[in-house]
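Bear in mind these aren't lab numbers, they're just calculated from the coordinates by the rules spelled out. Since the structure is predicted, the reported quantities are computational estimates derived from the model, not experimental observations. Because the Cβ atoms are built from the backbone with ideal geometry, glycine has one as well, and the counts that use them run over all protein chains shown.
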Amino acid sequence: MLPADHRLTRPEQFRHAIKAGRRSGARTLVTHLALDDAAAAAGSTEPRVGFVVSKAVGTAVVRNKVKRRLRHAARERTALLPDAALLVVRAHPAAAEASYEELVTDLDRCLDRSLGAAPRRRDAAGSGQVAQ
């Protein structure tokens, strides 16, 4: 489960991430990564993650399974995101048949592409090493 301070819940944040964010796609999902300037100015530096899984993915049971898998994978990767980042993960219909490993591989590939131009978060010790 993602902690509450890492969840993207407000519709305007979803819209901002999708419109202004860096888009990267794979077979099973698409990611949109944006920096939330308003949150950074207010001092909130936690990255936030939200998920979009439409009815095209499958029945409610299938959609919830895909969301749970993506949420678990994203939770392990929040340390890689820059401060005040907004990440929206949108599942494609192919995610319904994909294994957890395939979803993780696609998420990692999309994040690597999106983070190629964005600054990465530093570790908590402040040694300047990139968190992995």
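In nm, to one decimal, how far is the modelled label at Thr59 from the one at Arg71, with both set 7 Å along Cα→Cβ?
Once both label points are built, they end up 2.0 nm from each other.
Within the stretch 65-93, which residues have the backbone N less than 18 Å from the label spot 7 Å out from Asp108 along Cα→beta-carbon, could you tell me?
The answer is 69-81, whose backbone nitrogens lie closer than 18 Å to the label point.
Within 10 Å, count the other beta carbons around each residue, average over each peptide in 1-11, 84-94, and list them highest first. Can you show the working numbers first?
On the way: 1-11: 12.3, 84-94: 22.2.
Packing proxy ranking, top to bottom: 84-94, 1-11.
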